[in-house]
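K.L.:
Dropping the structure in here first, questions after.
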Amino acid sequence: MKSKILVVGSINMDVVMTVEKLPARGQTVPGLAMQSFPGGKGANQAVALSLLGSPVTFLGCVGQDESGHRLINNLRESGVDTSSVHIEAATPTGTALIAVEESGENFICVYAGANSKLHQEKVRKHAELDKVSAVIASLEIPLEPVDLVLELAHKRGITTVLNPAPARELTNRIYQHVDFLIPNETELAQLSGLKVENLDDVRLASARLLTRGVKVVVSTLGTQGAYYYSETEQFHVPAISVQMVDATGAGDAFVAAFTSKITAGATSRQAVEFAALVGALTVTKPGAQNSLPSMEDVEDFAKRREVVDGEDV
């Protein structure tokens, strides 16, 4: 039996409104359509891992409400172990309000809700690190449980992955417990304190983060692809050209896909190329978890690209 991947993070109900163009500050724009989808960075990553064939446990909190029950059921139906999901009676489930324009670009406002109740004691009691091969954490939950789970996992030699979203100031202590840091270009700029406008900037910003203790920085760069940076290896993987419908969840899909491959023994380049493929496929459908591909979907997509491009993925 394969060892599980533990995801520690947020679980939200995403309320998604499609608009012709994202509003400017103070501007009101009409909505073209509105739907609700299961979301939250942690839950997205957990579902993505399960769909790609990785056994996964999710540690997080929901409210004792309709949204919370729907979210737990969705995780179970997706094959995620929910035994470490906590139901908070006095706090509503987290909610994300997402506006998506027709080009696929979006902006997101998040109410943490029950996610704010994920404290260190829950990590100590329910992380079950003796059963996992990797830990993924993100930052839509309090920083203290993230700090603790990364430290505990690192001490046990478990692969640690941090998706620093939304970006916030991190201590060197946290960085030193991270094997793979996976930011987007905005988060890379915020964490490094440097502008990130091109690949040279990505290299400089990544190098700065390595001085704080992180082992590897894998930056997702939207239409510019992805960049892998460690002391011994640096390379760029170009973006895969697709018709973008909705970018929501693409970063989470990338994180999950990269982690699934790295823990399975793939090379760093194989892992990044696979993650780029999964991320590209994710943006071709609306929603976060609704857009996440199965391994069969990814394999079919790769075969279609081989036919069109005449190249291997």
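K.L.:
Please identify the pairs in which a residue from the stretch 275-301 that is on the phi < 0 side of the Ramachandran plot has its Cβ atom under 6 Å from the Cβ atom of a residue that is in a helix (DSSP H, G or I) and at pLDDT below 85, counting only partners at least 6 apart or on another chain.
P.N.:
From the stretch 275-301, the pairs are Thr282/Ser291; Lys285/Ser291.
K.L.:
Being at pLDDT 95 or above and over 22 Å from Ala134 (Cβ atoms) narrows it down to one of Val178, Val202, Val161, so name that one. First the steps, then the outcome.
P.N.:
Values: Val178 fails: over 22 Å from Ala134 (Cβ atoms); Val161 fails: over 22 Å from Ala134 (Cβ atoms).
The unique qualifying residue is Val202.
K.L.:
Out of Asn74, Asn44, report the one residue that is in a helix (DSSP H, G or I) and touching a Leu at 6+ places or on another chain (Cβ under 8 Å). Give the steps one after another, and end with the answer.
P.N.:
Values: Asn74 fails: touching a Leu at 6+ places or on another chain (Cβ under 8 Å).
The unique qualifying residue is Asn44.
K.L.:
Which is more than 19 Å from the chain's Cα centre (by Cα) and among the charged types (D, E, K, R), of Glu151, Glu169? Break it down stepwise before answering.
P.N.:
Details: Glu169 fails: more than 19 Å from the chain's Cα centre (by Cα).
Within the list Glu151, Glu169, the selection yields Glu151.
K.L.:
Taking the conditions exactly as written (farther than 28 Å from Met244 by Cβ, within 16 Å of the chain's Cα centre (by Cα) and of a type in the set (A, V, I, L, M, F, W, C)), does Val8 satisfy them or not?
P.N.:
On the way: farther than 28 Å from Met244 by Cβ: yes; within 16 Å of the chain's Cα centre (by Cα): yes; of a type in the set (A, V, I, L, M, F, W, C): yes.
It is true that Val8 is farther than 28 Å from Met244 by Cβ, within 16 Å of the chain's Cα centre (by Cα) and of a type in the set (A, V, I, L, M, F, W, C).
K.L.:
Any residue in the stretch 216-227 that's over 18 Å from Phe274 (Cβ atoms): show its pairings with residues that are surrounded by fewer than 21 Cβ atoms within 10 Å (Cβ to Cβ) and at pLDDT below 95 at Cβ separation under 6 Å, as long as the two are six or more apart or on different chains.
P.N.:
The qualifying pairs are Thr223/Ala239.
K.L.:
Which of (1) more than 18 Å from Ser116 (Cβ to Cβ); (2) modelled with pLDDT under 95; (3) buried (at least 24 other Cβ atoms within 10 Å of the Cβ) does Leu6 not meet, given it meets every other one?
P.N.:
(2)
K.L.:
Considering only residues of the stretch 18-32 that are touching a Leu at 6+ places or on another chain (Cβ under 8 Å) and part of a strand (DSSP E or B), which is surrounded by the most Cβ atoms within 10 Å (Cβ to Cβ)?
P.N.:
Among them, the one singled out is Thr18.
K.L.:
Going through Ser260, Ser219 one at a time, which residue ends up being farther than 21 Å from Val47 by Cα and modelled with pLDDT of 95 or more? Steps first, please.
P.N.:
Working: Ser260 fails: farther than 21 Å from Val47 by Cα.
Every option except Ser219 fails the conditions.
K.L.:
Would you say Phe58 is among the aromatic types (Phe, Trp, Tyr) and at pLDDT 95 or above?
P.N.:
Values: among the aromatic types (Phe, Trp, Tyr): yes; at pLDDT 95 or above: yes.
The answer is yes for Phe58.
K.L.:
Additional query: Please list, ordered by first then second residue, the pairs with beta carbon atoms under 6 Å, 6 or more apart or interchain, first in the stretch 230-241 and touching a residue at least 12 places away in the same chain (Cβ under 8 Å) and at negative phi, second assigned to a loop (DSSP other than H, G, I, E, B) and surrounded by 12 or more Cβ atoms within 10 Å (Cβ to Cβ).
P.N.:
Listed by first residue and then by second, the contacts come to Val237/Gly225; Pro238/Gly225; Ala239/Gly225.
K.L.:
Only one of these is small (Gly, Ala, Ser), over 30 Å from Arg305 (Cα atoms) and surrounded by 15 or more Cβ atoms within 10 Å (Cβ to Cβ): Ala226, Ala165, Ala239. Name it. Give the steps one after another, and end with the answer.
P.N.:
Working: Ala226 fails: over 30 Å from Arg305 (Cα atoms); Ala239 fails: over 30 Å from Arg305 (Cα atoms).
Residue meeting the stated conditions: Ala165.
K.L.:
State all residues of the stretch 247-256 that are modelled with pLDDT under 85 and either out of contact with any Gly (no Cβ under 8 Å at 6 or more places or on another chain) or closer than 12 Å to Leu292 by Cβ (or both); if no residue qualifies, say none. Write out each step before concluding.
P.N.:
Quick first cut of the stretch 247-256, residues modelled with pLDDT under 85 only: 247-249.
Residues satisfying the conditions are Thr248, Gly249.
K.L.:
Moving on to the next point. Out of everything in the stretch 77-111 that is of a type in the set (Asp, Glu) and assigned to a strand (DSSP E or B), what residue ends up being modelled with the lowest pLDDT? Walk me through it before giving the result.
P.N.:
To start, the set of residues in the stretch 77-111 that are of a type in the set (Asp, Glu) comprises 77, 81, 88, 101-102, 105.
Now narrow it down to the ones that are assigned to a strand (DSSP E or B): 81, 88, 101.
On the way: Asp81: 97, Glu88: 96, Glu101: 90.
So, considering only residues that are of a type in the set (Asp, Glu) and assigned to a strand (DSSP E or B), the one modelled with the lowest pLDDT is Glu101.
K.L.:
Go over the candidates Gly113, Gly94, Gly79 one by one and state the one that is touching a helix residue (DSSP H, G or I) at 6+ places or on another chain (Cβ under 8 Å) and either of a type in the set (A, V, I, L, M, F, W, C) or buried (at least 20 other Cβ atoms within 10 Å of the Cβ) (or both). Walk me through it before giving the result.
P.N.:
Working: Gly113 fails: touching a helix residue (DSSP H, G or I) at 6+ places or on another chain (Cβ under 8 Å); Gly79 fails: either of a type in the set (A, V, I, L, M, F, W, C) or buried (at least 20 other Cβ atoms within 10 Å of the Cβ) (or both).
Result of the check over Gly113, Gly94, Gly79: Gly94.
K.L.:
Please work out which residue is modelled with the lowest pLDDT, limiting yourself to the stretch 124-137 and to residues that are assigned to a helix (DSSP H, G or I) and either more than 22 Å from Ile182 (Cα to Cα) or not aliphatic (A, V, I, L, M) (or both).
P.N.:
Among residues in the stretch 124-137 that are assigned to a helix (DSSP H, G or I) and either more than 22 Å from Ile182 (Cα to Cα) or not aliphatic (A, V, I, L, M) (or both), the one modelled with the lowest pLDDT is His126.
K.L.:
In the stretch 291-313, which residue that is surrounded by 13 or more Cβ atoms within 10 Å (Cβ to Cβ) and modelled with pLDDT under 85 is farthest from Ser36 (Cα to Cα)?
P.N.:
So the residue we want is Val313.
K.L.:
Is the stretch 69-76 home to any residue that is within 13 Å of Gly249 (Cβ to Cβ) and buried (at least 16 other Cβ atoms within 10 Å of the Cβ)?
P.N.:
no
K.L.:
If you take the residues in the stretch 33-68 that are hydroxyl-bearing (Ser, Thr, Tyr) and more than 14 Å from the chain's Cα centre (by Cα), which one is surrounded by the most Cβ atoms within 10 Å (Cβ to Cβ)?
P.N.:
Looking only at the stretch 33-68, we keep the residues that are hydroxyl-bearing (Ser, Thr, Tyr), and these are 36, 50, 54, 57, 67.
Next, only the ones that are more than 14 Å from the chain's Cα centre (by Cα) stay: 36, 54, 57, 67.
Numbers: Ser36: 14, Ser54: 24, Thr57: 22, Ser67: 21.
It comes out as Ser54.
The values are calculated or read from the model by the stated rules, or taken from the named source; none is laboratory data. Just so it is clear, the structure is predicted and the values come from calculations on it, not from any experiment. Positions of Cβ are generated from backbone atoms using ideal geometry, with glycine treated the same way; all protein chains shown enter the neighbour counts.
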